[in-house]
Amino acid sequence: MIISTARDALQDRIAVLELGANVYRSKPFDFGELEARMRAILRENVWAIEWRLVSSSCGLP
């Protein structure tokens, strides 16, 4: 989950990350960086899915 907001207080960032956000960006932000972070999260998720498929077919936990 990527959060983009105008709120930049430390307590806000910590709360959102504790609730499950992967990335917390306060505005203004660079759109290119946001795209790169989105691609990174997608790569992580694809890797996790592939690992689950391989490990389950090999009988690994």
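The values are calculated or read from the model by the stated rules, or taken from the named source; none is laboratory data. Since the structure is predicted, the reported quantities are computational estimates derived from the model, not experimental observations. As a convention, Cβ positions derive from the backbone with ideal geometry for all residues, glycine included, and neighbour counts pool all protein chains shown.
General observations
- Counting the residues of the range 8-28 that are in a loop (DSSP other than H, G, I, E, B) and either surrounded by 13 or more Cβ atoms within 10 Å (Cβ to Cβ) or small (Gly, Ala, Ser) (or both) gives 4.
- Residue pairs whose Cβ atoms lie under 7 Å apart, separated by 6 or more positions or on different chains, with the first residue in the range 10-27 and within 18 Å of Glu44 (Cβ to Cβ) and the second among the aromatic types (Phe, Trp, Tyr) and not in a helix (DSSP H, G or I), are Leu17/Tyr24.
- In the set (1) at pLDDT 85 or above; (2) out of contact with any strand residue (DSSP E or B) (no Cβ under 7 Å at 6 or more places or on another chain), Ala21 fails one condition alone, (2).
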